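Shown next, in structure tokens, is the structure this report addresses.
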Amino acid sequence: MAERNFEVSRLPGFATTAIIVFIILYLPIITLMVYSFNGGASIALWEGFSLRWYEIAWNNDAVKSATMRSLTIAAAASVISTVLASMAALGTTRRDKFKGQTVIYVLINQPLMVPEIVTAVALLIFFAAVKVATGYQGLGYLIAAHSAFCIPFAYLPIRARLEGMDLTLEVAASDLYASSWQTFTNVTLPLLMPGVLAGAMLAFVISLDDVIITEFVKSGGQDTLPTYMLGQLRRAITPEVNAISTALLGLTVVMLTAFFLLTRKKN
């Protein structure tokens, strides 16, 4: 008798369950996208196709200011967190195993395991003390907070890339009398670059979408695009929020698609 391999797709109800899951996940998003093109002011009553709310959002100075602030913070946090994550990944993979390595791994990934609200409150208390001591009220606090929160998101793809890299070329470079810096810049870094770029883009997306930490750390007049949208929802819900959300979703999808293309394995 021919042996049959187990396939989860053969289980009874698999297709039905999969369809239900996809509907639950994506129907609200599709609804939001559709109503971003609603010509009327209602978010529940369709009144015809229009780009009116995209035009309103585009001409809204508050939206422009919040968008530029979000992009600035996300770009800075992405660079800082990626550099630190790369150093941490190199320090935990390109060496022999040592005592406490697991503890270090847990500490690096702590923001992923602790509820974000806990991290936000801790940063609020810490930065409040710093603000009192220094008097500084700028965006540096948001950049620092986002950088700290994004480190594990950048660390994971970089570490995964390093663990999949063979040491042969690096050993060969050392045998040819290359210094540690020459080996890193000419061999390790070029091979590691897809992981670095993937980590940077993932950190950028996480920072761009963050609400909780931003809401706790920001000072007056430092709204990012997500916190601006939250403020608008507290006042009055209009399709302008749908339009902004759809644009933000589009940017996130582009970034995550690039992340997938950079990290997928080639045959």
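Every read-out reported here was derived from the displayed coordinates using simple, explicitly stated rules and does not represent laboratory data. Predicted, not measured: the structure shown is a model, and the values here were computed from it. Positions of Cβ are backbone-derived with ideal geometry, glycine not excepted, and every protein chain shown enters the neighbour counts.
Shape index of the chain: Rg/Rh, with Rg the Cα radius of gyration and Rh the Kirkwood radius from the inverse mean 1/r over Cα pairs, equals 1.06. Largest GNM mean-square fluctuation among THR134, THR72, THR257, using the chain with Cα springs under 10 Å: THR134. What does the C-alpha gyration tensor say about the overall shape of the range 135-183? Classify as rounded when a/c is under 1.5, otherwise prolate if a/b is larger than b/c, or oblate. Since a/c reaches 1.5 but b/c is at least a/b, the shape of the range 135-183 is classed as oblate. Build a GNM of the chain with springs between Cα atoms under 10 Å apart, and of GLY140, GLY13, GLY91 the one that fluctuates most is GLY13.
Annotation: Cα Rg of the range 177-267 relative to the compact-globule expectation 2.2 N^0.38 Å equals 1.57. What you get for the chain, charging only the Cβ of Lys and Arg (+1) and of Asp and Glu (-1), is a dipole of about 280 debye around the Cα centre. Let a ≥ b ≥ c be the square roots of the eigenvalues of the Cα gyration tensor of the range 1-160; is it rounded (a/c under 1.5), or, if not, prolate (a/b larger than b/c) or oblate? The shape class here is oblate.
Only Lys, Arg, Asp and Glu carry charge here, each on its Cβ (+1 for the first two, -1 for the last two); on that basis the range 20-106 has a dipole of about 600 debye about its Cα centre. To the nearest 500 deg cm²/dmol, what mean residue ellipticity at 222 nm is calculated for the chain from DSSP H runs of n ≥ 4 alone, each contributing -39,500 (n - 2.57), summed and divided by the residues? So the calculated ellipticity at 222 nm is -23500 deg cm²/dmol. Here the chain is scanned for trypsin sites (Lys or Arg not before Pro) in DSSP loops (not H, G, I, E, B) that have at most 11 other Cβ atoms within 10 Å, and the longest stretch holding none of them is 100-263. Exposed loop sites are taken as GluC sites (Glu not before Pro) in a DSSP loop (any state but H, G, I, E or B) with at most 14 other beta carbon atoms within 10 Å; the longest stretch of the chain without one runs 48-267.
For the chain, a Gaussian network of Cα nodes joined below 10 Å ranks ALA120, ALA44, ALA198 by mean-square fluctuation, and the top entry is ALA44. Of interest is the spacing of the C-alpha centroids, which for the range 162-179 and the range 1-79 amounts to 44 Å. Counting other Cβ atoms within 10 Å as a rough exposure proxy, the listed residues ILE158, ILE30 run ILE30, ILE158 from fewest neighbours to most. Spacing of the modelled spin labels on VAL130 and ALA258, each 7 Å from Cα toward Cβ, amounts to 2.7 nm. Summing Lys and Arg as +1 and Asp and Glu as -1 over all other residues whose Cβ lies under 14 Å from the Cβ of PRO226 gives a net charge of -2. Anisotropy class assigned to the range 73-127 is oblate, per the alpha carbon gyration tensor with a/c at or over the 1.5 cut-off and a/b no larger than b/c. Panel order for ILE43, ILE108, by other beta carbons found within 10 Å of each beta carbon, from fewest to most: ILE43, ILE108.
Relative to the first principal axis of the alpha-carbon coordinates of the chain, what is the inclination of helix 239-263, with its axis defined by its Cα atoms, in degrees from 0 to 90 and to the nearest 10? With both axes taken from Cα atoms, the answer is about 20 degrees.
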